[in-house]
Amino acid sequence: GAVVSQHPSWVICKSGTSVKIECRSLDFQATTMFWYRQFPKQSLMMMATSNEGSKATYEQGVEKDKFLINHASLTLSTLTVTSAHPEDSSFYICSAFTGNTEAFFGQGTRLTVV
Amino acid sequence: GQNIDQPTEMTATEGAIVQINCTYQTSGFNGLFWYQQHAGEAPTFLSYNVLDGLEEKGRFSSFLSRSKGYSYLLLKELQMKDSASYLCAVRDGDYKLSFGAGTTVTVRA
């Protein structure tokens, strides 16, 4: 089946630094990818829709200048958490649809800001 | 926006059947999904319903009633490995998936 690969799986960074997370569709082209954030024992909250070749669409309450999304090709979307703070520590997950019926998720990235 | 409700927790015995209900209110509807998520891992796809009725897939079945804004996931012949969180998600016309809070299922021997 289709595979979405996310990298890195986990990262620890110092407060104030930036972290880039990559999401790749390995065997299909994804014109649209979605980024989610999940805090412990909570459900997935959508952050933004990443559109190939155009600006991302952010959900209400998500700071677009803090969470930079770039979808430069049909197989790669990146999320950069800028000037990370401890409250940004979370599980970040990307997903992409193949056709109409299935959304595949990346493995997720566990971000810890110290 | 979407409003998706599902029970927080359920417990069942190995070999039994469990039904997880999901109700939703949406401004647009383009399919309902069920996902399984183990702690610390990404969700994995279980089922998709866009038309009313029952979709069966091995031990897992999912039902949808669009007029009632209702779905359920049925897990049969429960195994210990089925202990996980089960997420109900609704897709709108923009292909955005909104998730319920998840139902934690605990399977006991």
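Values as computed for the structure displayed
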item	result
Relative compactness, region B:1-44, computed as alpha-carbon Rg over 2.2 N^0.38 Å	1.44
Rg followed by Dmax, in Å, when the protein assembly as shown is reduced to its Cα trace	17.5, 52
Choice from A:Thr78, A:Thr57, A:Thr49 showing the highest fluctuation, given a GNM over chain A with Cα pairs closer than 10 Å	A:Thr57
Averaged over B:38-45, number of beta-carbon atoms from partner chains that fall within 10 Å	6
Span from the region B:1-15 Cα centroid across to the region A:54-104 one, whole angstrom	27 Å
Pair-distance profile P(r), taking every C-alpha pair of region B:22-86, with 5 angstrom steps and integer %	4, 16, 27, 22, 17, 10, 3, 0
Partner chain coverage, peptide A:34-47 - average Cβ within 10 angstrom	4
Residue order, fewest to most beta carbons within 10 Å, for B:Leu78, A:Leu26, B:Leu97	A:Leu26, B:Leu78, B:Leu97
Calculated P(r) tail over 19 Å for chain B, as whole % of Cα pairs	39 percent
Signed unit charges on C-beta, dipole axis of the protein assembly as shown, positive-most listed residue B:Gly69, A:Ala48, B:Ile17	A:Ala48
Proportion of all alpha-carbon pairs of region A:1-60 beyond 16 Å (%)	60 percent
Neighbour-count ranking [beta-carbon atoms within 10 angstrom, fewest first] of B:Glu56, A:Glu22	B:Glu56, A:Glu22
For chain A, fraction of C-alpha pairs farther apart than 23 Å, in %	22 percent
Orphan Cys of chain A, criterion: no other Cys C-beta under 4.7 Å	A:Cys13
Positive-end residue, the protein assembly as shown charge dipole about Cα centroid, Cβ charges, pick of A:Thr82, B:Ser27, A:Val114	A:Val114
Size of electric dipole in region B:36-104: Cβ of Lys, Arg +1 and of Asp, Glu -1, about Cα centre, debye, nearest 20	80 debye
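Bear in mind that the values in this text are calculations on the coordinates, not laboratory data. Please read all numbers here as calculations on a predicted model, not as lab measurements. Neighbour counts run over all protein chains shown; Cβ positions are idealised from the backbone, glycine included.
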